[in-house]
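The structure under discussion appears below in the form of structure tokens.
Bear in mind that the values in this text are calculations on the coordinates, not laboratory data. All values derive from a computational prediction rather than experimental measurement. Note that we place each Cβ from the backbone using ideal geometry, even for glycine, and neighbour counts take in every protein chain shown.
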2 protein chains.
Amino acid sequence: MSSSTDTELLYVIKIGGNIVDHPDLLKQCLTAFSNIKGKAILVHGGGKMATQLAKDLNIPQQMVEGRRITDAETLKIVTMVYAGLINKNIVAQLQSLGVQAMGLSGADANLIKAHKRVHASIDYGFVGDVDEVNVSMINHLLQQNTSLVIAPITHDGNGQLLNTNADTIAQSIATAMSEKYAVHLIYGFEKDGVLLDIKEPSSVLQHMNKDKYQTLKEEKVIFEGMIPKIDNAFLALEKGVKSVIIGKAEIMNELIHGNAGTTITQS
Amino acid sequence: MSSSTDTELLYVIKIGGNIVDHPDLLKQCLTAFSNIKGKAILVHGGGKMATQLAKDLNIPQQMVEGRRITDAETLKIVTMVYAGLINKNIVAQLQSLGVQAMGLSGADANLIKAHKRVHASIDYGFVGDVDEVNVSMINHLLQQNTSLVIAPITHDGNGQLLNTNADTIAQSIATAMSEKYAVHLIYGFEKDGVLLDIKEPSSVLQHMNKDKYQTLKEEKVIFEGMIPKIDNAFLALEKGVKSVIIGKAEIMNELIHGNAGTTITQS
């Protein structure tokens, strides 16, 4: 749609449970977020708090074929923990760091419309797959110098909230916003990035393009859990995202400045 | 600041536990809200859900001199229930009714700054008293045809969330927004309005001004719990709110149109 040279920068940053559960690391990460020059969106996952709350309330977590099912009671829990507790605490902390943060779920201002997952054999319950991101509203809020903090809860437009994967939300927002911004998508997780030697944190690959990825896959250097993550990264790049950076959430500052993690680009 | 004749209408509507806890009544109330011509803000209380969750989690609710104390665990609960569960369910329902609803706490976009309550003898814990309402941000969002759904959680600007009375939040927003709007503040509660005979719901007084209030207080027709409510209403009127309507939340449509409840005005 537009050339990257004159479009505004937007960072879409996803952080997960490993950081959300640790107040000190979270603070460090939010401080890095607060120093971003340019527009920024933070998408957070849930951490262990939702699992713990379900346990405390004796709500059994159903697993089918290794996947968690979101029944009505579990939906209540994730809505409370993600959109309430975690979201508002992050917002309050960012506000204290001088960021005009606004915490929203996908239902708010119809930011992310989704549908209940349809699957041939498994009923995932109230799990949502993203249909549409409200680009104009997000753009409008960013232009007010508001930084958005997004909880991984969406809605179906018919009054039903849906539990949605935070990685997917980050990717959906990043690709949708590429229409108007030069988007850098950062996935903060527990590893240092793509490792050439799984046992050696210092073996992190600084840069990876599609050719390199193919080679590393063939050589079985990249395998298992990393493959869907990286496939998703390339999908985002194909849809217009400028770069995808994956690395350790607790050194977010270095990730933002490209001094750590693995930067993934098309070519 | 401005004359009422040419300023835009804004409804600030507060609903409490009696309606939030009953899905059918809530739906009716939200349908009435969705039919409002003009700008609208909904402030919701918590209902019994927070109390129930505390009970289920074995978190004792401390009361000191008849007032509930918000300790750290209770703050987590109200943040989850008010800003998460209730707020997002109301937003999703309003979206399904065609309202561009956005659910926010006082921390979001720094909408409501508060301070931890200072009291000579009681430590209320994480209870906030309102300092400032972000009029320009609320105005901006309303002008985008967004209807705001506000959860009674505020922040102190230093990263601390605070539990804040929903009636007070509604009043603070209503008075602050009177700078720019002709504000009608509606308190939906469990009674039909100001009753001339406490045992007779049909004895609701349609209109009350300050003189009438003085008389009714002297005659002991109005007493106890109603007095602080009505004192607050007159305080709001003195600060620029056009009218305060109190009545049964479940007939919100009639309250909005002035066909039920008690309308309180200065003169």
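General observations
- Between A:ASP231 and A:VAL135, the contour length at 0.36 nm per residue exceeds the alpha carbon distance by 32.2 nm.
- Efficiency of FRET between B:LEU196 and B:LYS37 - r from beta-carbon atoms, R0 35 angstrom, step 0.05: 0.65
- When the protein assembly as shown is reduced to its Cα atoms, the Kirkwood hydrodynamic radius in Å: 24.4 Å
- Cross-link reach list, aspartates and glutamates versus A:LYS210, counting only Cα pairs under 18 Å and skipping chain neighbours closer than eight places: A:GLU218, A:GLU219, A:GLU224, A:ASP231, A:GLU238
- Label spacing, shortest first and in nm, from B:ASP56 to its equivalents in the remaining copies (7 angstrom along Cα→Cβ): 1.2
- Using a 7 Å Cα-to-Cβ projection, B:ASP21 label spacings across copies, nm, ascending: 3.5
- Only Lys, Arg (+1) and Asp, Glu (-1) charged, at Cβ; segment B:8-264 dipole about Cα centre in debye: 340 debye
- The rotation axis bringing chain A onto chain B passes closest to the chain A residue reported with its distance as A:GLY84, 1, by C-beta distance in whole Å.
- Efficiency of FRET between A:LEU57 and B:HIS22 - r from beta-carbon atoms, R0 22 angstrom, step 0.05: 0.50
- For peptide A:91-103, the mean count of partner chain Cβ atoms within 10 Å of a residue's Cβ comes to 6.
- The mean count of C-beta atoms from other chains within 10 Å of the C-beta of residues in A:73-86, rounded to a whole number, is 6.
- Beta bridges by DSSP in segment B:8-264, antiparallel share as percent, to the nearest 5: 30 percent
- With its label point defined 7 Å out from Cα along the Cα-to-Cβ axis, B:LYS199 lies at 8.6 nm from the matching points of the other copies, in increasing order.
- CD proxy at 222 nm, helix term only [per DSSP H run n ≥ 4: -39500 (n - 2.57); per residue of chain A; nearest 500]: -9500 deg cm²/dmol
- Remark: mean inter-chain Cβ contacts per residue of B:242-255 equal 0, using a 10 Å Cβ-Cβ cutoff to other protein chain atoms.
- Charge tally around A:THR168: other residues with Cβ under 15 Å, Lys/Arg +1 each, Asp/Glu -1 each, net +3.
- Sites B:THR215 and B:GLU238, calculated FRET efficiency, Cβ-Cβ separation with R0 22 Å, nearest 0.05: 0.70
- Cβ charges +1 (Lys, Arg) and -1 (Asp, Glu), total dipole of the protein assembly as shown, debye: 200 debye
- Share, in percent, of DSSP beta bridges within the protein assembly as shown that are antiparallel, nearest 5: 30 percent
- By the count of other C-beta atoms within 10 Å, a proxy for reagent exposure, A:LEU185, A:LEU75 are ordered fewest to most as A:LEU75, A:LEU185.
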